[in-house]
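**Student:** Quick one: structure below, then a few questions.
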Amino acid sequence: MTEKSDNTKIRSVKRMKEIMTAYYIDAKTAGQNGKKVAWITSGGPVEPLIAMDVIPVYPENHSAMIGSTKMAIDLCEKAEAMGYSRDICSYARADIACATVNGGPIGGLPRPDFLVCCNNICGTVMKWYEVQARYFNVPLFIFDTPFIHTDFSQEARTYVVKQMEEYFIFLEEQCGKKFDRDKLKDVVKKSVEAQRLWKEVLATTKHNPAPMSAFDAFFHLGLIVTLRGTETVNDYYTELRDEMNERIQNGIGIIQEQKYRLLWDNLPLWYKTKWLSDTFASHNACLVADTYTSAWSFVIDMIDLDKPVESLAMAYSNVYINISIDRMYENLSTMITEWKADGLVLHSNRSCKPYSFGQYDTARRVSDEFGIPTLMLEADMLDGRLFNESQAQTRIDAFIELIRQRKGE
Amino acid sequence: MISAGIDIGSITSKVVILDDGRIYGSKIGFTGYNAERAGSSIYNSLIEELGIKHENVNSIVATGYGRNSVQFADKTYTEILCHAAGAFYNNSDIRTIIDIGGQDSKVISLSADGNVKDFCMNDKCAAGTGRFLEVIARALEIDLENFARLSLQSGKPASISTTCTVFAESEVISLIAKGESRENIIAGIHDSVASRLSSMVYRVGLNPPVMMTGGVAKNSGLVKAIENRLGTGVLVPESAQINGALGAALLAAKQNYRQ
Ligand code: SF4
């Protein structure tokens with residue numbers, strides 16, 4: 001008799017872990033290899049760094065690792081003891097505290113040679129990066145992307161494109177070499193390819209049963225954040241996409257007997273992904289997609305390979321949480337239709353105000369327009385002190401009851 | 001056909017027995033630390049009083065935070081569905097339910113056919129719950145039963161600025177120290193709970209008629225404060241405290257699990 005295979009196992013995970021390990025080893029030994037390290041925000045323009053052979057490091061990705069390994073509360077408390085308010089984003093708190101003790105699962109991030117902060121994700125990152133620039137006593141480049149309420153004005157466009165040019169000059173000064181525009185073109189091309197492949201990976205979950213879930217996407221997202229613009233990423237996502245298609249062909253779903261398809265909004269609860277995925281799975285519900293991991297693919301069509309500088313500036317300005325609630329809603333409603341969602345789970349994330357703002361209006365619009373149940377889960381992406389399992393359980397149970405009721409079950 | 005609904009709340013547990021869809025009997029008791037024992041002992045003593053044998057009960061549904069500890073239940077549902085079913089049974093015009101429980105409060109919106117449209121529960125905090133009122137009653141050394149009467153005598157409700165139970169308790173203590181009357185303090189407390197609850201109502205959308213369920217609904221002072229905040233009347237059914245168990249029994253009655 002053959003052993004029953006475990007459908008929850010995704011083969012590529014092993015490769016992903018190897019790539020991430022190699023990446024962090026490279027970053028931590030950069031100095032010995034004569035390479036520079038830049039810390040950069042997750043939504044920041046990374047392609048120019050790769051073009052200059054600088055190793056980009058993402059405190060947010062690192063904070064997510066701190067969350068998954070359940071080391072966040074200690075570090076958050078440490079930051080609070082240092083005087084930072086509990087109301088500050090927990091990614092920032094974890095990172096600021098971690099830098100002082102070299103804590104976390106990999107013994108801290110490598111020391112930065114300089115910092116790049118793009119405020120297209122929030123205002124918190126500006127203060128956070130200023131704190132770190134002072135702590136490490138290194139230069140900081142701030143890339144300012146005006147918030148897009150309706151349209152992106154010509155003035156705003158000129159303003160961000162000009163900053164791209166200033167960014168290149170900053171990099172030339174930091175690296176002591178000329179900025180290579182041809183190389184940038186090549187990197188941008190790879191980066192767009194990575195985003196396209198990632199979009200294809202995510203699209204596989206439109207299939208029934210979904211070959212993977214948003215919980216898997218949260219994990220596999222790591223590469224698009226950290227290494228987009230390199231060949232490694234493209235090879236990896238090709239492999240992952242093929243694995244997903246193979247699962248589809250063999251009718252393998254990530255959960256047993258998937259009956260309900262759910263969408264997730266906002267960042268994950270890094271310390272509770274297993275519990276949440278088991279809880280939903282116990283109701284035969286699969287989180288098939290989410291706005292967070294899809295955010296990287298919402299803007300790929302804006303990138304014009306013939307005009308890398310201008311179009312990069314545009315794409316980085318238009319990221320998911322730098323746009324109005326109306327535009328966010330457009331993206332979300334397209335997803336509800338394309339993924340045939342039976343319900344929407346919104347994580348009201350105490351840390352991330354720009355992402356959580358407007359969620360009640362969004363939920364109301366979704367229920368008016370699509371008639372599907374919505375669930376608001378109040379928690380935090382890292383700070384487990386803001387999550388209550390038994391209350392979440394009741395909310396999830398009730399939400400699934402509403403989905404069943406709607407389907408007449 | 002006989003069906004039973006068991007609602008294990010954080011403070012009290014309630015059992016309702018229906019005979020062919022009509023309330024045959026009900027009982028309320030304290031949950032204590034052993035939810036499983038509370039459920040079975042209240043249930044057993046009720047069926048004994050009613051002269052019913054367990055074997056003759058056709059279906060049992062459990063609800064409430066301790067629903068999963070009722071081993072002898074045929075099925076469990078959350079309080080949301082049960083409160084909706086109970087309220088709709090009482091009055092099928094109801095569109096909004098406010099339930100204040102011991103450790104959480106919820107607002108449920110219903111569609112015309114009695115289905116749940118949306119719900120909202122208070123966050124990880126006791127403010128706006130039965131527990132909150134208990135803590136304040138202790139600080140004031142007044143029985144909760146007297147809260148309604150006293151608050152309705154208030155000339156000018158004190159302003160309670162904080163919504164956190166622990167801080168509100170110390171705020172109340174400092175109001176006492178300043179010589180504020182108990183009537184005004186209680187009215188102020190009711191208003192602060194009402195303000196929290198009404199914002200939950202607006203989250204799911206205020207759709208009258210509104211019904212209030214749960215043991216706290218017996219407090220007419222609080223009901224009045226909520227009416228003032230919402231600008232609409234709030235109905236309190238006779239069976240407010242057992243509404244969740246009633247709903248559970250009604251849902252149980254839909255299915256005969258042990259023919
Ligand atoms: S506030 Fe939100 S966008 Fe800003 S760093 Fe924190 S999680 Fe990221």
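The values are calculated or read from the model by the stated rules, or taken from the named source; none is laboratory data. Predicted, not measured: the structure shown is a model, and the values here were computed from it. Positions of Cβ are generated from backbone atoms using ideal geometry, with glycine treated the same way; all protein chains shown enter the neighbour counts. Just the protein is used for accessible areas: all its heavy atoms, side chains included, with ligands, DNA and RNA removed. Shrake-Rupley method; radii C 1.70, N 1.55, O 1.52, S 1.80 Å.
**Student:** Which of B:A248, B:A168, B:A87 ends up with the largest GNM mean-square fluctuation for chain B, with Cα atoms connected below 10 Å?
**Tutor:** Its mean-square fluctuation being the largest, the pick is B:A168.
**Student:** Cross-link partners among lysines for A:K340, C-alpha distance below 20 Å, same-chain residues fewer than 8 apart left out?
**Tutor:** A:K199, A:K206, A:K259, A:K407, B:K117
**Student:** Compare the Cα positions of A:Q391, A:Q405, A:S356 along the charge dipole of chain A (+1 at Cβ of Lys, Arg; -1 at Cβ of Asp, Glu; about the Cα centre) and return the one farthest towards the positive end.
**Tutor:** A:Q391
**Student:** From the backbone phi of the range B:63-78, what are the Karplus-calculated ³J(HN,Hα) couplings (6.51 cos²θ - 1.76 cosθ + 1.60, θ = phi - 60°) in whole Hz, Gly and Pro given as x?
**Tutor:** 9, x, 5, x, 4, 6, 8, 8, 5, 8, 6, 7, 7, 10, 9, 6
**Student:** Amide H of A:L287: which non-local residues (sequence gap of 5 or more, or other chain) have their own amide H closer than 5 Å, using H built in the peptide plane?
**Tutor:** Result for A:L287 returns A:A214, A:L262.
**Student:** While we're on this one: Given a Förster distance of 30 Å, report the FRET efficiency between A:E330 and A:T232 from their Cβ-Cβ distance, rounded to the nearest 0.05.
**Tutor:** About 0.35, to the nearest 0.05.
**Student:** Next up: Kirkwood hydrodynamic radius of chain B from all distinct Cα pairs, in Å?
**Tutor:** 18.6
**Student:** Right, here's the next one. Can you work out ³J(HN,Hα) from phi for every residue in the range A:358-369, in order, using Karplus 6.51 cos²θ - 1.76 cosθ + 1.60 and θ = phi - 60°, giving whole Hz and x for Gly and Pro?
**Tutor:** Going residue by residue, I get x, 5, 5, 5, 4, 4, 5, 5, 4, 6, 5, 7 Hz, with x marking Gly and Pro.
**Student:** Give the distance, in whole Å, between the Cα centre of the range B:80-115 and the Cα centre of the range B:1-76.
**Tutor:** Cα centroid of the range B:80-115 versus Cα centroid of the range B:1-76: 20 Å apart.
**Student:** With the dipole of the range A:12-177 worked out from charges on the C-beta (+1 for Lys and Arg, -1 for Asp and Glu) around the Cα centre, which of A:N33, A:V138, A:V57 lies farthest toward the positive end?
**Tutor:** Of A:N33, A:V138, A:V57, it is A:N33.
**Student:** Another question, if that's okay. Among A:E80, A:E47, A:E155, which one shows the biggest mean-square fluctuation in a GNM of chain A, springs joining Cα atoms closer than 10 Å?
**Tutor:** Sorting by GNM fluctuation, first place goes to A:E155.
**Student:** Let me ask another. Need one number: nm distance between label points at A:R11 and A:T100, each 7 Å from Cα along Cα→Cβ, rounded to one decimal.
**Tutor:** 4.8
**Student:** For the protein assembly as shown, give the percent of accessible area contributed by carbon and sulfur heavy atoms, probe 1.4 Å, rounded to a whole number.
**Tutor:** The nonpolar share, carbon plus sulfur, comes to 50 percent.
**Student:** Using the crude model of +1 on Lys and Arg Cβ and -1 on Asp and Glu Cβ, and no other charge, please compute the dipole size for the range B:92-236 relative to its Cα centre, in debye to 20.
**Tutor:** My answer is approximately 180 debye.
**Student:** How many Å² of accessible area per residue for the range A:12-177, probe 1.4 Å?
**Tutor:** 42
**Student:** Relative contact order for the range A:21-149: what is it in percent, counting Cα pairs under 8 Å that are at least 6 residues apart?
**Tutor:** Relative contact order, the range A:21-149: 25 percent.
**Student:** Report which residues of the range B:105-124 become buried by 50 Å² or more of accessible surface when going from the isolated chain to the complete set of protein chains (1.4 Å probe; DNA, RNA and ligands ignored).
**Tutor:** Residues meeting the cut-off: B:F119, B:M121, B:K124.
**Student:** May I pose another question? Treating the beta-carbon of each Lys and Arg as +1 and of each Asp and Glu as -1, no other charges, what is the dipole magnitude of the range A:187-321 about its Cα centre, to the nearest 20 debye?
**Tutor:** The calculation lands at about 300 debye.
**Student:** Here's another thing I want to ask about it. Using a Gaussian network model of chain B whose springs link C-alpha atoms within less than 10 Å, name the residue from B:Y33, B:Y89, B:Y77 with the highest mean-square fluctuation.
**Tutor:** Evaluated over chain B, the most mobile residue of the options is B:Y33.
**Student:** Along the range A:269-281, what does the Karplus equation 6.51 cos²θ - 1.76 cosθ + 1.60 (θ = phi - 60°) give for ³J(HN,Hα), rounded to whole Hz, x for Gly and Pro?
**Tutor:** 3J(HN,Hα) across the range A:269-281, in whole Hz: 9, 4, 8, 10, 4, 5, 4, 5, 5, 5, 5, 5, 4.
**Student:** A further question on this structure: Using a cut-off of 20 Å between alpha-carbon atoms, which lysines can reach B:K218, once sequence neighbours fewer than 8 places away in the same chain are excluded?
**Tutor:** Reachable lysines: B:K14, B:K27, B:K106.
**Student:** Right, next: Roughly how big is the A-B contact, given as buried accessible area in Å² (both sides, 1.4 Å probe, nearest 100)?
**Tutor:** Chains A and B together bury approximately 1600 Å².
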